Amino acid sequence: MEYQVLARKWRPRKFSEVIGQEHVTKTLQNEITRERTAHAYLLVGPRGIGKTTIARIFAKALNCRKYPAAEPCCECDNCVAVQNGASLDIIEIDGASNNTVDNVRNLREEVHYSPVSGKFKIYIVDEVHMLSAGAWNAFLKTVEEPPAHVKFIFATTEAHKVLPTIISRCQRFDLRRIPTLLIAQMLAKIAKEEKVGISSEALDALARAADGGMRDAQSLLDQMIAFRSSENDEISEQDILSVFGLAARDQIGEIVSAVIENNPSSLISHLNSIASQGKNLEKLYDEILSTLRGVQISKIEKNAEDILEENKEAVDSFRKLGEKCDLEKIQRILETLSSSARSLHDALNKHIFIETILLKAMRISNSVRIEQLIEKINELYNTASPDDDEVKKKAPEQPSRQITQTINYPAHSQTPPQIAKIAEPKPHTFSYEKKTPRTPEELLRLLIDDIKHTKPAVKSSLQKGVPESFDKNILTISMNEEYEDIHYRQLLSETELLNNSLKRLSGIRDVSVRIVKKNEISSPHETAIYHNDRNLETLKQKALQNSFIKEITGAFNGKIIDIIGGE
């Protein structure tokens, strides 16, 4: 008997034998049993996942002598004819070679002939996206309103190339890639029936190489059976890796581990070893991304096996890698690598490309973030010695000074931004003297210091105002009519907040705040509320005498731009 390849020998004959496409098979079975079948169907999905197989099973069930039954009997003359490719009522057409207007015109004439032996005349058109626009236009009316005895089943890998007017006339089913675990289980069943010795690791490697396609997996197994020296030899994982140019899970894990642990030497060594063995580097890159995703999911979900659809050993390896870093680091690595995946296909030297992008991902994931920098600065501030801190020594007598600093990072710095603003330090509680403030400058200073942490936007608006007077328990604050309208309106909306704060701070029961607009008032930066000494350079020099400020400006080659707040 002539040898039959595994992909044909093990092709499903019933809906129940189709793996991984239950959402499609169940719907079609229900339509058959309820006799609610449509006149046109569109099956979409990548190669080798069962589009044509499902179309044939559906056609067989429609013309089965036991119709309407959820499964074809596979025993009647119609079912046998379909299985042998001899049915006159089921016509399979290759869209790539029958894509002209003339081909469609011929088909349009044939559909009017009644079926020979079955209930329906069924046209299965594979790779339907290859039809020309003219062919589709000639086909349009027939697809929309075919004779009652005609069914169309279209299959395509590129649904975006099918005219929307055709899609709208079909029931569309999107088939999924088959999970690696299900492919491995099916291959194990085939190997057992075919009496082929193969290790579980080899089955897993074959399933990964198939990339979600059952037909590809069966073809690869066929190839490996022929690769054996004798029928008694067992197919090992190493055999699979060498024949198809794949990397072992352990090798991929070593590369991912090197990236996570920030070990460039280890990364380059392992990557060079894999490349020198002639492995498929595009497949390797996909496997690295898949492994990183596995690490990410295993750190987020307790039942990662259900989401990743991997075996327990693979998920355990993901969790072990995840112990070496936090979730944020994994996400930063994935963001860098995912955005570059498309460019790999066009790279002249894939080895250099992958090496460079992995080193970049490593550097970015381990670089200092601005949030960490601010936390460190605040930590230094909070642990500074009181004897060396001029600001803290003066704190009991007057409010602290807020310092805004521009930092010019050195060229070798790993921090992405070249200029950044340092957030003001954590709030400290200062005790003011128990005298009742009377000057408008004192009252405004108290207000700014009281709300600067709870209402920073209001604080910013207050700093734009000028304390004009404090008369009859009313604090008048002027805003420049030409430039400060936004701040003026914001302060008006927060009048109640300002009044309550001022009552509490001043100890005056009926005190209130009045915000007014005026022309040509002095800039707030030139008033005594900000600088008791109008010489800003003198204040900068005094600030630089503070050990904490001196340490920060020296570390980042920074300089003080301005000083806002009390002296």
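Each value in this text was obtained by applying a stated rule to the coordinates, not by laboratory testing. Since the model is a prediction, treat every value here as computed from it, not as a measurement. Cβ atoms come from the backbone with ideal geometry, glycine included; neighbour counts cover every protein chain shown.
A few remarks follow.
- With Cα atoms, 0 to 90° folded angle of helix 264-276 axis to the chain main axis: 20
- The peptide list 339-345, 36-42, 15-21, 212-218, put in order of mean Cβ contacts within 10 Å with the highest first, becomes 212-218, 15-21, 36-42, 339-345.
- Estimated from helical segments only, the mean residue ellipticity of the chain at 222 nm is -14500 deg cm²/dmol, where each DSSP H run of four or more residues counts as -39500 (n - 2.57).
- Only Lys, Arg (+1) and Asp, Glu (-1) charged, at Cβ; the chain dipole about Cα centre in debye: 1100
- Note on GLU328 and ASP250: their simple-model spin labels are 3.5 nm apart, each label 7 Å out from Cα toward Cβ.
- Between the range 126-148 and the range 8-68, the C-alpha centres lie 21 angstrom from each other.
- A simple count of charges around LEU221, restricted to other residues whose Cβ falls under 15 Å of its Cβ and scoring Lys, Arg +1 and Asp, Glu -1, yields -3.
- Taking packing as the residue-averaged number of other Cβ atoms within 10 angstrom, the listed peptides 48-59, 452-463, 163-174, 290-301 run from highest to lowest as 48-59, 290-301, 452-463, 163-174.
- Across the range 450-460, rounded Karplus estimates of 3J(HN,Hα) from the backbone phi angles (6.51 cos²θ - 1.76 cosθ + 1.60, θ = phi - 60°) give 6, 10, 5, 9, 8, 9, x, 5, 5, 4, 4 Hz, Gly and Pro being marked x.
- Between the helical axis of 22-33 and the longest alpha-carbon principal axis of the chain there is an angle of about 50 degrees.
- Residue order, fewest to most beta carbons within 10 Å, for ASP510, ASP450, ASP316: ASP510, ASP316, ASP450
- Pairs from the list LYS66/LYS121; LYS279/LYS360; LYS376/LYS452; LYS376/LYS559; LYS26/LYS299 with a Cα-Cα gap above 24 Å: LYS26/LYS299.
- Cα centroid of the range 250-291 to Cα centroid of the range 189-225, whole Å: 24
- In plain terms, the C-alpha convex hull of the range 180-244 casts an average shadow of 3.6 nm² when viewed from every direction.
- The range 109-163: GluC sites (Glu not before Pro) falling in loop per DSSP and having at most 12 other Cβ within 10 Å: GLU158
- Peptides 275-283, 353-361 ordered by packing proxy, namely the average of other Cβ atoms within 10 Å per residue, highest first: 353-361, 275-283.
- Charge dipole (debye, nearest 20) of the range 6-174; +1 at Cβ of Lys and Arg, -1 at Cβ of Asp and Glu: 340
- Each Cα pair under 8 Å and six or more residues apart adds its sequence gap; the mean of these over the residue count of the chain is a relative contact order of 10 percent.
- Eligible lysines near LYS192 by straight Cα distance, threshold 18 Å, same-chain separation 8 or greater: LYS9
- Tilt relative to the chain, helix 547-556 - C-alpha long axis, 0 to 90 degrees, to 10: 40
- Simple rule: put +1 on each Lys or Arg Cβ and -1 on each Asp or Glu Cβ in the chain, find the dipole, and look at THR336, SER501, ALA361; the Cα lying farthest toward the positive end is SER501.
- Estimated distance in nm for a label pair at ARG8 and ALA226, the labels positioned 7 Å out from Cα along Cα-to-Cβ: 1.4
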